[in-house]
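The values are calculated or read from the model by the stated rules, or taken from the named source; none is laboratory data. The structure presented is a predicted model; accordingly, all values stated were derived computationally and were not measured. Cβ: placed from backbone, ideal geometry, glycine included. Neighbour counts: every protein chain shown. Accessible surface areas use protein heavy atoms only, side chains included; no ligands, DNA or RNA. Shrake-Rupley method; radii C 1.70, N 1.55, O 1.52, S 1.80 Å.
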Number of protein chains: 2
Amino acid sequence: MAKYTVTFSPENKIIEVDSDITLLQAAEKAGIIINSLCGGDGLCGECRLQVIQGKAMADKNAISFFSKDEIEHGYVLACRTKVADNLVVLIPPKSRVEQEKILLEGAAISYGEPEKLVLHRNGHEPVFPFDPVVKKIYLELPVPNLEDNASDIDRITREMHKVAPYDHYEISLLCLQNLTEQLRAHHWKVTVTYARHNGIGRILQIEAGDTSDQQYGLAVDVGTTTVVIQLVNLKTGKVIGVKGSHNLQARYGEDVISRMIFACVRGSLAPVHQAVIININNLAHALAAENHVSIQDIIAIVAAGNTIMSHFLLNMTPCSIRLEPYVPTTTVYPQIFAREVGIKINTEGILEVAPSIASYVGGDIVAGVLACGMADKPEIRCLIDVGTNGEIVIGNNEWLVCCSASAGPAFEGGGAHSGMRATKGAIEKIEIRDGVVSYETIGKAKPRGICGSGLIDAIYEMVNNRIIEQDGKFNESEKSDRLVREAGELRYILAWPDETETGQAISISESEIANLIKSKGAVFAAIKSLVDYVGFSFDRLDTIYVAGGFGSSLNIPKAIAIGLIPDIDVKRIQFIGNSSLTGARLSLTSIPAFENSLKIARRMTNVELSNYAPFMNEFIAALFLPHTDAKLFPSVKYSP
Amino acid sequence: MAKYTVTFSPENKIIEVDSDITLLQAAEKAGIIINSLCGGDGLCGECRLQVIQGKAMADKNAISFFSKDEIEHGYVLACRTKVADNLVVLIPPKSRVEQEKILLEGAAISYGEPEKLVLHRNGHEPVFPFDPVVKKIYLELPVPNLEDNASDIDRITREMHKVAPYDHYEISLLCLQNLTEQLRAHHWKVTVTYARHNGIGRILQIEAGDTSDQQYGLAVDVGTTTVVIQLVNLKTGKVIGVKGSHNLQARYGEDVISRMIFACVRGSLAPVHQAVIININNLAHALAAENHVSIQDIIAIVAAGNTIMSHFLLNMTPCSIRLEPYVPTTTVYPQIFAREVGIKINTEGILEVAPSIASYVGGDIVAGVLACGMADKPEIRCLIDVGTNGEIVIGNNEWLVCCSASAGPAFEGGGAHSGMRATKGAIEKIEIRDGVVSYETIGKAKPRGICGSGLIDAIYEMVNNRIIEQDGKFNESEKSDRLVREAGELRYILAWPDETETGQAISISESEIANLIKSKGAVFAAIKSLVDYVGFSFDRLDTIYVAGGFGSSLNIPKAIAIGLIPDIDVKRIQFIGNSSLTGARLSLTSIPAFENSLKIARRMTNVELSNYAPFMNEFIAALFLPHTDAKLFPSVKYSP
């Protein structure tokens, strides 16, 4: 078979490949992750590359994705183009999944810091006691003699009884196999790593000397779009690093449905599972290296994700979740060794996964409820987590109901031509005054697109400035040089080509606006349906917590003004960022918190909106800015 | 490297080997197990082969093991002889470890049958309820719908709560990963395999349809010399097959001490561990095949062995057991998957190991106490287990004390030129009347040697017939053509060359008699020391149970008459065969029995005889037939 070299620009990565593989496969081999939402089926048109030298063998059917100009300039779809020559290929910024970049430039920008959570608890609310799911204890054991020749493990548990809370201990075989040598090699001064398992102590590891200063854990938010990890010092509870990357499962489908189809219809669960394991291993490795922590000192992981992500994480088939009656394999996940799913931390390190409630209400939302503390207090509160799915919880310390609605990826930057995730260069704030558009980007970089919070601002500013009508259609009577028609569709230009990173205008079209209105409509209809279901009005909600990956911050008044969030006093609304991650961290650092999450999952009643007749009417009523029923948004007044 | 063929006669197995390997290695490669008590160090002289064609390269130092005649006839030590030519080699019967043969010809001959145990319990004593450590349950689950879309695992545990005794269940990851497909592929009619683990249910396997008729377990006695397995139907509790083989660890040393030296001083734990795993896998495979049982339907193993065997079984180092203060890694073994140590049964099958008490009082003796039921009743009873170690337990339902003494392998056929294990062709009964020797062999075969019960008979008959004196020396004044002098030592011939399988006389020498007296002395001294330690006399013992691998049966009066067993009414003495195996089977078929064994292990107090000053005096006093203190054996009168 012929061999060719492919050079990927601008980084000039050169790789030798066989002639039968695609440019997408070649890029993967070179360690470059190309956007591929459809999983390489030539359907999404995201994996655009420019061949600048050599002859590639492009699939003719792919030309529909390109303009004549683009075809002449060598644009191809990476997944539909085979290597048949030595090639030099340019990867346009938009085609690149910028792994590792999301949070590198400041976790504080994109994700709620631990301290923020304490603020949510108003300082005086009870905080879970510090009691990590896995911890270390240093022991100085008496040396055995003929009068005291108890077995090695009895000698250890005897001492542990004095200081640790368990009457009984179990021990893993691997640990037991090394025990005798460890104790003697280290003069009976050892550090024991142990967890709680089914109510008893579980001894995981015996180390020489006092290593109790080196104990770390990972809190992981396994999002459909993004995987984020915090590295936590389990001696102090302090977060010492945070890192995120795009969920590599994106190559098998952008949303959970297409990933389930990939795993189930094609029967390819393993690669989808492995993708997220690679995510976690890469992030964990990078976090450990940057913070001078040994991977072997990472002894615990708590992961939170939606039910489908949790199933993929544990290599369990999600296939019965996909189809009616939507049944998951399990909602409570067993405590396992991280190695059992290929996660590379300490060999005896433990993986716990936050419990789910139902197929479409997952551990991420349970973790969110845990994080905002709404299940601990008598006041009735509401959590709105806007991700690819919108999930809503209402309740207090006595009852909890929840539901979910497919919001689509609009607020995470999907579906819109200029949409992007909340990473460097994303426009996150927009103001329009007298036809002048001003914006702010993440990392103060040249704009590359618009993230969720920017899109909310854009919709609000356009309707408030009468650039669009309340039904989302452009107001053609208002003349503006920013309103242009392209390929038969009206678009509003937010950033001119000379302002942007890509040299292309950042704009938003009428159909994209319609998409965003559908997303906000689905979320609001879900909130309204759930409030109605429990026989309440919005006034009864003491606090609304808004969580999600919109961006660094969310302009609450604008989110209300477009009809995404109920119109209550803004002082009673808090944006809490990535509450799934915060909840995972709480569980990691507190067994009572983790056990509380199991109680939350058991207590919560899921309302299947697909079975709840009024939902569709609510959805249709919400396809208007802010809403067809203006009385629901009394404070919202657009400029005349 | 030159290649040669070696032909092993009489089976004519031909194997091609490199020139640098020994005949012992070549035999191993050919699947023939040669006796090698020293582990191939040229020390024991057991691996004698006769080279009948071709030139072998024998170590000169090995010639001390052979007579001039033998050297001329091509006798060599297999471990000290390299292959340097195409060879034809004859394996003399004595050099061959007849794997698989021990029990093939009738378990009833060598080992106590289950029914026997019930007899020990006198019919009216409580028997442990039938409740196997792992079992199957057939469930017909309601098909999920939108009103009832509980997770798959909840659907199963919901049904199990109705019929099985656990409030909570845990499930292995592997089982969970296959659950969803299994349920749907099999129309919600499935069989669940589950165990008890730390007080909660542990779901191990979900199978299609009703497989509850196919559930089997293995009870394993891991003896230092012999590994014996019973295949048990876990639906009925019936033993459907039994098989034994020599412990393959023998190649690394005959006794536990030399195996520990091999594992610890040479740092080679792995091969010693693997040897017993090969034993178990071979026996399990053969048992399954013969009884038309699928290996996948074997879902549980309970193994009992001494503490060192249990450590080897679990691949745990026994190195701290060997040296003062004799500390084991653990005495209670974790419930593990059998696969974790390489045992090939059902992938999710469980291995439980009977708990030990101390380094030299193991799970075999705990299993024995369980089997004879002495820990359940107020009467004070005694268990004597004579193996390579002699182990003694005295006690009742309130207290239990135990000790062990090194008896040596004499009663298992070791150490004596004509000694052999209790297998086909072993002389197991002997009578001498008026100089006429009559005997019975196992399997009614031509005699090949003498096993433990035969040796006890031999000593008794010789002292009763004044062939030897009470100090074990030959009475040279009694003239007999059976008393001959060979290589400077007197020997008594029990079987003439023309009667035997090997064509060589079966005889017993003065030094071998001294060895047997030492063994019986050690066992009796241990019994006497322990009875004294608790301040008792033999009269207080309600029953003495005698266990061990002497042979098919034990002549109790003769065992008393040589001073091995205390001189109490023979009606109060019962030979119970392999009580370790019986106890393992009880634990396999009854969780309450297994839990009782944990209680027995906790309750039992070990007396270290090496610390107990009177023991050595007792030992010296017992080096006489029946004893230097005749008052201890009032009923013993040798013929005048």
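Would you calculate, for chain B, the mean residue ellipticity at 222 nm contributed by helices, counting each DSSP H stretch of 4 or more residues as -39,500 (n - 2.57) and dividing by all residues, to the nearest 500? Could you put the intermediate results ahead of the total?
On the way: 17 runs with 175 residues, N = 640.
-8000 deg cm²/dmol, from helical runs alone.
Have a look at region B:292-329 and report residues whose accessible surface goes down by 10 Å² or more when the remaining protein chains are included, against the chain on its own, probe 1.4 Å, ligands and DNA/RNA excluded.
Buried by the other chains: B:Leu314, B:Asn315, B:Met316, B:Thr317, B:Ser320, B:Glu324, B:Pro325, B:Tyr326, B:Val327, B:Pro328, B:Thr329.
Among the listed pairs B:Lys446/B:Lys558; A:Lys377/A:Lys631; A:Lys444/A:Lys518; B:Lys82/B:Lys243; B:Lys429/B:Lys479; B:Lys429/B:Lys520, give every one whose C-alpha distance is greater than 26 Å.
Values: B:Lys446/B:Lys558 24 Å; A:Lys377/A:Lys631 30 Å; A:Lys444/A:Lys518 30 Å; B:Lys82/B:Lys243 34 Å; B:Lys429/B:Lys479 24 Å; B:Lys429/B:Lys520 18 Å.
Violating the 26 Å limit, Cα to Cα: A:Lys377/A:Lys631; A:Lys444/A:Lys518; B:Lys82/B:Lys243.
Any idea what the A:Ser480 label distances to the other copies are, label 7 Å down the Cα→Cβ vector, nm, shortest first?
Computed spacing set for this position: 12.1 nm.
Rounded, prolate or oblate: which fits chain B when a ≥ b ≥ c are the square roots of the eigenvalues of the alpha-carbon gyration tensor, with rounded for a/c under 1.5 and prolate only if a/b beats b/c? All intermediate terms of the calculation are to be shown ahead of the outcome.
Working: a/c = 2.18, a/b = 1.35, b/c = 1.61.
Taking the square roots of the gyration eigenvalues as a ≥ b ≥ c, chain B is oblate.
Be a star and scan region B:592-625 for residues whose amide nitrogen sits under 20 Å from the point 7 Å along the Cα-to-Cβ vector of B:Val570.
The answer is B:625, whose backbone nitrogens lie closer than 20 Å to the label point.
Averaged over peptide A:336-344, how many Cβ atoms belonging to another chain are found within 10 Å of each residue's Cβ? Mind showing how you got there, number by number?
Values: counts 3, 1, 0, 0, 4, 2, 0, 0, 0.
Shielding by partners across A:336-344 averages 1.
Run the numbers on region B:175-194: which residues show a drop of 20 Å² or more in accessible area, chain on its own versus all protein chains together, using a 1.4 Å probe over heavy atoms?
Hits at the 20 Å² cut-off: B:Leu176, B:Gln177, B:Thr180, B:Glu181, B:Arg184.
Can you grab the distance from the C-alpha centre of region B:322-378 to the C-alpha centre of region B:57-72, Å, no decimals?
If you average the Cα positions of each part, the centres end up 44 Å apart.
Kindly rank A:83-89, A:376-382 from highest to lowest mean number of other beta carbons found within 10 Å of each residue. Please list the in-between numbers first.
Working: A:83-89: 19.6, A:376-382: 17.1.
Per-residue mean Cβ counts within 10 Å order the peptides as A:83-89, A:376-382.
Return the aspartates and glutamates within reach of A:Lys571: Cα separation strictly under 14 angstrom, same-chain partners fewer than 8 residues apart disregarded; answer none if there are no such residues.
A:Asp539, A:Asp542
Can you list the copy-to-copy distances for B:Ala514, using a point 7 angstrom from Cα toward Cβ, in nanometres, shortest first?
The answer, with the shortest distance listed first, is 10.8 nm.
Quick one: length gained pulling B:Trp188 to B:Asp85 fully straight, 0.36 nm per residue minus the C-alpha distance?
On the way: separation 103, 0.36 × 103 = 37.08 nm, distance 6.49 nm.
Difference between extended and current length: 30.6 nm.
Quick one: with label points 7 Å out along Cα→Cβ, list the inter-copy distances for A:Glu70 in nm, shortest first?
Listed shortest first, these distances are 9.0 nm.
Hey, can you rank B:449-458, A:251-260 by average C-beta count inside 10 Å, highest first? Spell out each step's value before the answer.
Numbers: B:449-458: 29.2, A:251-260: 22.4.
The densest-packed peptide leads the list: B:449-458, A:251-260.
Separation of region B:190-224 and region A:420-471 by C-alpha centroid, Å?
61 Å
Once a ≥ b ≥ c are taken as the square roots of the eigenvalues of the Cα gyration tensor of the protein assembly as shown, is the result rounded (a/c under 1.5), prolate (a/b larger than b/c) or oblate (a/b not larger than b/c)? Numbers along the way, then the final one.
Working: a/c = 3.10, a/b = 2.24, b/c = 1.38.
It comes out prolate by the Cα gyration axes.
Could you list the residues of region A:450-469 with an amide nitrogen less than 18 Å from a label point located 7 Å from the Cα of A:Glu499 in the Cα-to-C-beta direction?
Only A:450-468 fall inside the zone, counting backbone N under 18 Å.
Accessible area per residue of chain A at 1.4 Å probe, in Å²? Each step should come with its number before you reach the end.
Details: 24370 Å² over 640 residues.
Per residue, chain A has 38 Å² of solvent-accessible surface.
Just want the answer: with Cβ charges of +1 for Lys and Arg and -1 for Asp and Glu, which residue in B:Thr226, A:Cys79, A:Asn515 is farthest toward the dipole's positive end in the protein assembly as shown?
Of the options given, the answer is A:Cys79.
Output the peptides B:168-174, B:512-518, A:499-505 sorted from most to least packed, where packing is the average of other Cβ atoms within 10 Å over each peptide's residues.
Working: B:168-174: 18.1, B:512-518: 21.9, A:499-505: 16.4.
Going from most to least packed, we get B:512-518, B:168-174, A:499-505.
Report the accessible surface area buried between chains A and B, summing both sides, using a 1.4 Å probe on protein heavy atoms only, in Å² rounded to the nearest 100.
Details: alone 26010 and 25980 Å², together 48720 Å².
For A against B, buried area totals roughly 3300 Å².
Residue by residue through region B:626-638, what is 3J(HN,Hα) from phi via Karplus (6.51 cos²θ - 1.76 cosθ + 1.60, θ = phi - 60°)? Round to whole Hz and write x for glycine and proline.
Once rounded to whole Hz, the list reads x, 5, 5, 9, 4, 4, 6, 10, x, 7, 7, 10, 7.
What average count of beta carbons from other chains do you get within 10 Å of the Cβ of residues in A:150-163?
Rounded to a whole number, the mean comes out at 3.
Which loop GluC sites (Glu not before Pro) in region B:561-634, with loop taken from DSSP, have no more than 10 other Cβ atoms within 10 angstrom of their Cβ?
Those that pass, being in a loop and sparsely packed, number zero.
Extension gain B:Asp532-B:Asp167, at 0.36 nm per residue separation less the Cα-Cα distance, in nm? Could you put the intermediate results ahead of the total?
Details: separation 365, 0.36 × 365 = 131.40 nm, distance 4.85 nm.
Taking B:Asp532 through B:Asp167 to full extension adds about 126.6 nm, to one decimal.
Hey, any idea what % of region A:364-443's accessible area is carbon plus sulfur with a 1.4 Å probe?
Working: 1040 of 2360 Å².
Using a 1.4 Å probe with all protein chains present, region A:364-443 comes out at 44 percent carbon and sulfur.
Taking the rotation that carries B onto A, look along its axis and tell me which residue of B has the beta carbon nearest to it, distance in whole angstrom.
B:Asn198, 3
Set the Förster distance to 22 Å, then compute FRET efficiency between A:Glu379 and A:Asp629 from the Cβ-Cβ distance, nearest 0.05. List each step's numbers first, then the result.
Working: r = 27 Å, r/R0 = 1.21.
Taking R0 as 22 Å, the efficiency between A:Glu379 and A:Asp629 is 0.25.
Dipole of chain A (Lys/Arg Cβ +1, Asp/Glu Cβ -1, origin at the Cα centre): which of A:Phe130, A:Val341, A:Asn475 lies farthest to the positive side?
A:Asn475
Please give me the summed charge of the neighbours of A:Ala407: other residues whose Cβ is under 12 Å from its Cβ, Lys and Arg +1, Asp and Glu -1.
On the way: positive: A:Lys518, A:Lys520; negative: A:Asp255, A:Asp385, A:Glu391, A:Glu412.
For residues surrounding A:Ala407, the net value is -2.
In whole Å, how far is the Cα centre of region A:1-28 from that of region A:294-309?
Here the answer is 34 Å between Cα centres.
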